[in-house]
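Comments concern the structure below.
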Amino acid sequence: MSVGSVGGVPTGSTSPTVWCVGAGAIGGNVASRLVLAGLEPLVVDADPRHVALLREPGLAVESPGGDRMTPMDAVSPEAALSREGRCDLLLLAVRSQVTESALAPLLSRLAPNGDVVSLQNGLSCERVATIAGEQRTIGCAVGFAATYLAPGRVRLDAEGPLTIGRLWDSGATGATGGTGEDSGLARSSRAGWGVADS
């Protein structure tokens, strides 16, 4: 396996700063797994009640393998803009119709070599690329099934892989270089769902 980088942070070194934007069925499950993998993602969601419950007592995830409660650092989009530091990797898991309104305001917080991973099953990758730039856009096919139940509660219905990769041969060096194998996201998700190279 070659050494890659995520958001300009070489894999095997300091973990990248990850923001999960949207914490519904997909985003909530991914954020929960990242926390369990030892990362500390900032979860950004527009629903104040959902945000409050993610913080305390945490996101309740129901799954065939057992239920779990995962407290998270969760904030509103407005509060995210005032956070110190930069985001190395922004995981976008919002409905396709709010892609631009959710992503555009947060781009100012993305690190110069940061990337945006669209967890929208390819539905909005071209739109994300228009907003963030082709070289910063990574697509993702979500192979697991999940359901948003209520504020603070999601369900993992069936496990499956996250397959990530660039849509264009951009030659970018700031993130995965085109395969999920080299990314911190891929390593953390492999623990729960597995990852296939693009």
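Please treat every number below as a calculation from the coordinates, not as lab data. The structure displayed is predicted, hence computed values, not measured ones. Here the Cβ positions follow ideal geometry from the backbone for every residue, glycine too, while neighbour counts run over all protein chains shown.
Run the quick spin-label model on Gln97 and Asp157: label points 7 Å from Cα toward the beta carbon, then report their separation in nm to one decimal.
2.0 nm
Gain in length, Glu78 to Leu149, computed as 0.36 nm per residue apart minus the alpha-carbon separation, to one decimal in nm?
Details: separation 71, 0.36 × 71 = 25.56 nm, distance 2.47 nm.
Answer, rounded to one decimal: 23.1 nm.
Quick check on the range 25-127: take the gyration tensor over C-alpha atoms, sort the square-rooted eigenvalues as a ≥ b ≥ c, and tell me if it's rounded (a/c under 1.5), prolate or oblate.
Details: a/c = 1.65, a/b = 1.37, b/c = 1.21.
Since a/c reaches 1.5 and a/b is larger than b/c, the shape of the range 25-127 is classed as prolate.
Residue by residue, what Karplus-based ³J(HN,Hα) values in Hz, rounded to whole numbers, does the range 94-101 have, using 6.51, -1.76 and 1.60 with θ = phi - 60° and x for Gly and Pro?
Going residue by residue, I get 9, 4, 4, 6, 10, 3, 5, 5 Hz, with x marking Gly and Pro.
DSSP loop trypsin sites (Lys or Arg not before Pro) in the range 36-89 with at most 15 other Cβ atoms within 10 Å of their Cβ, which ones?
Working: sites: Arg49, Arg55, Arg68, Arg83, Arg86; in loops: Arg83, Arg86.
Answer in residue order: Arg83.
Karplus couplings for the range 22-36 from phi (6.51 cos²θ - 1.76 cosθ + 1.60, θ = phi - 60°), rounded to Hz, Gly and Pro as x?
x, 10, x, 4, 7, x, x, 5, 5, 4, 4, 5, 5, 4, 5
What are the ³J(HN,Hα) values, in whole Hz, obtained from phi via the Karplus relation 6.51 cos²θ - 1.76 cosθ + 1.60 with θ = phi - 60°, for each residue of the range 133-145 in sequence order, with x given for Gly and Pro?
3J(HN,Hα) across the range 133-145, in whole Hz: x, 4, 5, 9, 9, 10, x, 8, 9, 8, x, 9, 10.
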